[in-house]
Amino acid sequence: MSEDYMGKVAAPEFPEGLEWLNTRRPLALRDLRGKVVVLDFWTYCCINCMHILPELKKLERRFERELVVIGVHSAKFPAERETENIRQAILRYGIEHPVVNDRDMLIWRLYGARAWPTLVLIDPRGKIVGQVSGEITAEVFGAVIAEVIGTFDARGEIDRRPIRFELERERAPEPVLSFPGKVLADAASGRLFIADSNHHRILVVALADGTILDVIGQGEAGLRDGDFETAQFHHPQGMAVRGEVLYVADTENHAIREVDVNARRVRTIAGTGQQLRRPFHPGGSALQVDLNSPWDVVLLGDQLYIAMAGSHQLWVLDLKTKVVRPYAGSGYEGCQDGPLLEASLAQPSGLTTDGRRLYVADSEASAIRAVDLDQRGCVETLVGEDLFVFGDRDGPSRRARLQHPLGVAFHDGVLYVADTYNNKIKKLFPTMRQVVTFLGTGKAGLRDGERPLFDEPGGISIADGKLYIADTNNHVVRVADLQTGRTVTLELKGVQRLRPRPRAVSSFSGDVLTVPAQRVTPGAGTLVLSLQLPKGHKLSEQAPSLVSLRVEGDPVVRFAQGETTLTLRRPTFPISLPVVFREGQGRFIVEWTLYYCRADVGGLCYFAEARQEVPVEVKPNAAAPRLSLQYEVK
């Protein structure tokens with residue numbers, strides 16, 4: 001038995017009074033004796049932290065009975081200290097382990113963390129085996145975890161009893177759009193393309209009225225080419241369009257996808273599906289080169305420029321030769337100007353052009369960079385200074401400050417910037433070198449009108465005098481008039497096309513609720529249906545909600561007017577239906593398919609699906625002939 005996999009120093013206990021997520025109560029290391037514990041020190045802006053999450057998920061599945069992962073969120077940016085923002089990040093990244101908000105870096109200092117991400121391995125006795133900073137694969141880290149488990153298994157000190165945590169997603173409603181990352185408005189065709197990122201699909205919407213024209217992708221994470229119904233994406237982000245061909249930065253597939261809108265086909269044109277892990281790669285044949293979290297794209301002629309967030313570079317894909325290569329950035333994270341491949345970038349996440357230069361939202365440096373299109377040119381910083389210089393300040397660009405911007409759009413000599421963590425849209429005048437706030441107050445929220453509120457807007461695009469905004473944490477697209485700034489939330493029409501795919505073989509994917517048995521007397525009676533939506537919400541007027549009714553077992557209920565499906569259009573609840581009860585026993589089943597929206601902001605809509613199963617006994621001398629059911633949407 002090797003002692004190399006036994007810790008020597010006791011792991012410091014978590015301080016009291018911290019806020020925890022993905023769990024009903026705060027955790028203590030002493031309560032996890034017998035488990036191998038991994039602490040993941042992360043911050044939700046960090047691309048390297050994002051890369052670690054799927055590796056941790058592999059480990060959680062491999063060692064589901066022996067391992068507990070705890071995320072320690074130690075924020076870089078002020079916005080990331082807010083628990084609600086961390087909750088949104090947990091939902092966005094699909095995190096399934098407990099997370100503690102280490103907003104004052106207390107745990108960070110206790111463990112001597114120095115970089116994001118840092119992983120600390122704790123043995124079943126609560127002692128530190130070791131720690132590693134930076135990205136690491138599940139294969140490499142898993143080999144060490146397996147040795148720790150083997151060592152303590154031989155001593156009979158592994159506790160394999162399951163632990164269940166209460167996840168944030170179990171309490172969150174299912175939005176019609178889920179964390180949309182980018183938008184692309186195409187005035188020539190009158191279409192708006194929406195990267196519905198957490199639903200792993202692209203929506204094609206009419207600019208004129210918000211009607212959903214098509215849905216690209218089946219809605220489950222994966223890498224599959226094919227028609228729109230079978231193709232798969234994985235958290236797609238930025239897009240570029242030319243005619244009927246759409247190019248997509250398929251971020252977590254580390255790929256570039258080409259969509260033929262007319263033929264309704266998707267194919268991969270760059271990337272292997274694997275993350276590039278080399279610090280610098282010269283490029284090569286597009287389908288044979290690994291990419292690293294492409295976040296945005298812009299098209300000039302046959303050159304598709306790519307904001308390669310994961311490698312801190314810009315790349316370029318020649319659509320004719322099918323060769324992809326680095327264009328700007330050394331691959332080292334930073335904010336240093338200079339010749340194209342000698343300058344340093346920091347997680348470039350937004351890209352636009354004026355035809356002479358590329359403009360980059362360089363998120364981790366809270367900077368806007370200008371990149372020459374002449375290959376003998378340079379990278380220049382317009383706003384920003386360093387990785388740890390950020391804020392919310394207008395004025396001359398050398399003094400102006402942003403906070404983790406993710407989107408840029410050039411129009412009529414002005415750069416519009418999605419100043420993401422400041423919850424604002426700003427204008428940058430490149431020739432005057434001046435920055436001014438255009439939209440937003442800095443406060444997170446959802447409000448239309450002359451003084452709109454946003455929540456971490458991630459992508460912007462311009463067409464026909466309007467600015468389209470992917471308001472990511474609000475799960476909506478906003479539309480602002482470029483002249484007046486007046487902002488409205490886009491109301492999508494035909495959202496029933498976006499119904500989530502069934503998760504099982506059955507066609508029903510919602511909650512199944514067993515209602516206490518009811519007894520009624522035979523004869524003519526009444527079925528009463530009641531619906532309670534969350535406060536401040538109403539049923540959507542753009543998509544019909546449905547209630548389906550049926551009986552299993554003896555025919556204890558007959559619908560007097562033959563209704564088995566009700567379409568809910570501006571209904572008044574409760575709804576009373578005449579029925580006839582016959583003696584016998586059976587199950588009465590009500591299936592609700594609901595589209596509901598914020599009453600004050602019609603574009604923020606959710607989907608809910610539930611089945612109520614009610615055992616019913618009909619016999620003489622029972623209760624009155626009345627069956628009452630209520631469904632409350634949590």
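Structure summary
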| item | result |
| --- | --- |
| Unique match (being among the acidic types (Asp, Glu) and within 19 Å of Asn85 (Cβ to Cβ)) among Asp392, Asp386 | Asp392 |
| Complete set of residues in region 609-633 that are in contact with a Lys or Arg (Cβ under 9 Å, 6 or more places away or on another chain) and modelled with pLDDT of 85 or more | Glu609, Glu613, Val614, Pro615, Val616, Glu617, Val618, Lys619 |
| Given (1) open to solvent by 60 Å² or more (accessible area, probe 1.4 Å); (2) in contact with an Asp or Glu (Cβ under 9 Å, 6 or more places away or on another chain); (3) part of a loop (DSSP other than H, G, I, E, B), index of the condition Glu229 fails | (2) |
| Among (1) open to solvent by 40 Å² or more (accessible area, probe 1.4 Å); (2) without any contact (Cβ under 8 Å) to a residue 60 or more places away in the chain; (3) under 26 Å from the mean Cα position of the chain (by Cα) - the single one Phe390 does not satisfy | (2) |
| In region 297-325, residue most open to solvent (accessible area, probe 1.4 Å) [restricted to those that are outside any strand (DSSP E or B) and not hydrophobic (A, V, I, L, M, F, W, C)] | Lys320 |
| Matching residues in region 248-285 - criterion: being under 24 Å from the mean Cα position of the chain (by Cα), surrounded by fewer than 18 Cβ atoms within 10 Å (Cβ to Cβ) and among the charged types (D, E, K, R) | Glu258, Arg267, Arg277 |
| Restricting region 348-365 to residues that are of a type in the set (S, T, N, Q) and part of a strand (DSSP E or B), the residue that is surrounded by the fewest Cβ atoms within 10 Å (Cβ to Cβ) | Thr353 |
| Qualifying residue in region 99-110 (condition: polar (S, T, N, Q), touching a Ser or Thr at 6+ places or on another chain (Cβ under 9 Å), crowded, with 17+ Cβ neighbours inside 10 Å and not in a strand (DSSP E or B)) | no |
| Residue check for Glu563: among the acidic types (Asp, Glu) and modelled with pLDDT of 85 or more | no |
| Among (1) without any contact (Cβ under 8 Å) to a residue 60 or more places away in the chain; (2) open to solvent by less than 10 Å² (accessible area, probe 1.4 Å); (3) under 23 Å from Ile163 (Cβ atoms), the one test that Tyr93 misses | (2) |
| Residues located in region 20-53, provided they are acidic (Asp, Glu) and farther than 30 Å from Ala309 by Cα | Asp31 |
| Any hit, region 210-220, residues being under 15 Å from Pro236 (Cβ atoms) and among the hydroxyl-bearing types (Ser, Thr, Tyr) | no |
| Selection within region 366-384 - among the acidic types (Asp, Glu) and part of a strand (DSSP E or B) | Asp372, Glu380 |
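Here's the yes/no breakdown for (1) touching a Phe, Trp or Tyr at 6+ places or on another chain (Cβ under 6 Å); (2) not β-branched (Val, Ile, Thr):
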site: Ala286; (1), (2): no, yes
site: Val298; (1), (2): yes, no
site: His312; (1), (2): no, yes
site: Tyr332; (1), (2): no, yes
site: Ala343; (1), (2): no, yes
site: Pro348; (1), (2): no, yes
site: Thr353; (1), (2): no, no
site: Ala367; (1), (2): no, yes
site: Glu385; (1), (2): no, yes
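Quick grid of which residues meet (1) open to solvent by 20 Å² or more (accessible area, probe 1.4 Å); (2) under 16 Å from Arg191 (Cα atoms); (3) under 21 Å from the mean Cα position of the chain (by Cα):
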| position | (1), (2), (3) |
| --- | --- |
| Glu456 | no, no, yes |
| Ala463 | no, yes, no |
| Asn473 | no, no, yes |
| Arg486 | yes, no, no |
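The values are calculated or read from the model by the stated rules, or taken from the named source; none is laboratory data. Remember, predicted model here, so these are calculated numbers, not experimental data. Neighbour counts run over all protein chains shown; Cβ positions are idealised from the backbone, glycine included. Just so you know, the surface numbers come from the protein's heavy atoms only, side chains and all, with ligands and any DNA or RNA stripped out. Shrake-Rupley method; radii C 1.70, N 1.55, O 1.52, S 1.80 Å.
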